[in-house]
Amino acid sequence: MGFYAHLTVYAGIIVLLMAINFLTFSGVLWFHWPMLGWGIAVALHALGVFVFPRRFAVSEEMIEKEMGKPGTRS
């Protein structure tokens, strides 16, 4: 879910930046720079979710270990 939220926000903001760039066009297209930089971050997020999911996933064992710890919640 986090990846899809990231992707949706990315797409929305890039469309907004494109609109701003075209509406205030002064001969320079600049929207592609944030699109490229943030796109790399989205691609790395996709790799972490879809290609290497086990490396960053929370396992059942980790949940059980955390649930067994005494805490301040009742």
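Coordinate-derived values only; no laboratory data. Keep in mind that what you see is a predicted model, and the values were worked out from it rather than measured. Reconstructed Cβ throughout: ideal geometry from the backbone, glycine too, with neighbour counts over all protein chains shown.
Which of the following values of Cα extents along the principal axes in Å was calculated from the structure shown: (i) 62, 31, 14; (ii) 32, 30, 19; (iii) 53, 28, 16?
For Cα extents along the principal axes in Å, the calculated option is (i).
I need 31, 3, 22 ordered by Cβ neighbour count within 10 Å, fewest first. Walk me through the numbers before you get to the answer.
Details: 31 16, 3 13, 22 10.
The order, fewest Cβ neighbours first, is 22, 3, 31.
In degrees between 0 and 90, to the nearest 10, how far off the longest principal axis of the chain does helix 32-46 point, with axes built from Cα atoms?
20 degrees
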